[in-house]
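The values are calculated or read from the model by the stated rules, or taken from the named source; none is laboratory data. These numbers come from a predicted model, not from an experiment. Glycine also receives a Cβ, built like all others from the backbone with ideal geometry; neighbour counts cover every protein chain displayed.
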Amino acid sequence: MSRYDDGSAGDADYGRIGQGYAAIRRPDPRIEDRVLLALGDAETVLNVGAGAGSYEPRDRRVTAVEPSASMRAERPADRVPAIDATAEALPFPDDSFDAAMASVTIHQWPDPERGLHEMRRVARDAVVILTFDPVVPEPWWMPAYVPELFEVEAHRMPALDRIAAALGGAVEIQIVPVPADCTDGFGQAFFARPERTLDPTVRRAMSAWSFVADDVVQRYVRELGDDLASGEWDRRWGSFRELSEFDVGLRLIIARP
């Protein structure tokens, strides 16, 4: 049984933070192209921890699974309704789908290995996982301002080799550089637009912020806001505004039997 009223099965309470999620977390077409390519010619696709439907293909038969009532309500009208179920107990027979996918969600699962085993069980071919490396691959400004946020993420995000081991078979891990004008509003996507992270609505769409103490959030907003106003941020970190893309740790894992 979920510990949250809306059925959220992971560590974050989407009944509290999920409102307006779909407006901020809009799929970026360049990342979407990578996911669709990884799904190959699959005609039937299961999306696990589907949330508002980010990166679900529109040209395949999709089945979506999402335990949070709040997130199911965020799904746009042109997406299939999501089934109330969890990754660890998928209500489908073996080999029910051509492929299965999970988009930035496995860190929420109480038992990632079990969920990944379930995805492998119900997918005949590719299992495609979009996730973040728990190790920050390159130094950048946001971890310098709020290391506590990235400490939270390091503990939540499963290690890439752990994911690969749980899926088995032939596993490929791809680096997914994030474009500077990324439309998907996860926190790291604003590496070239620091002002956006001062917006509490934007921060709410990145679940890790819900685990950071209020005084840390206030410090981040105060210090970053002051440095942007004074020009200090641009003196120290302004080169990030010139980048067309950056490796923030986003990874695409493709596993085949």
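Which one is nearest to Asp227 (Cα to Cα), of the residues in region 183-215 that are free of Cβ contacts under 8 Å to residues at least 60 places away in the same chain and charged (D, E, K, R)?
Going through the qualifying residues, I end up with Glu195.
Every residue in region 233-246 that is assigned to a helix (DSSP H, G or I), charged (D, E, K, R) and surrounded by 13 or more Cβ atoms within 10 Å (Cβ to Cβ), please.
Scanning region 233-246 gives Asp234, Arg241.
If Trp209 satisfies every condition in (1) modelled with pLDDT of 95 or more; (2) under 30 Å from His117 (Cα atoms); (3) hydrophobic (A, V, I, L, M, F, W, C) but one, which is the exception?
(1)
Could you count how many residues in region 162-184 are over 30 Å from Gly238 (Cβ atoms) and β-branched (Val, Ile, Thr)?
Total satisfying the criteria: 3.
Which residues, taken from region 162-184, are in contact with a Pro (Cβ under 9 Å, 6 or more places away or on another chain) and either in a strand (DSSP E or B) or polar (S, T, N, Q) (or both)?
Ala170, Ile175, Thr183, Asp184
Considering only region 191-219, how many residues are buried (at least 20 other Cβ atoms within 10 Å of the Cβ) and under 18 Å from Gly238 (Cα atoms)?
Final tally of qualifying residues: 4.
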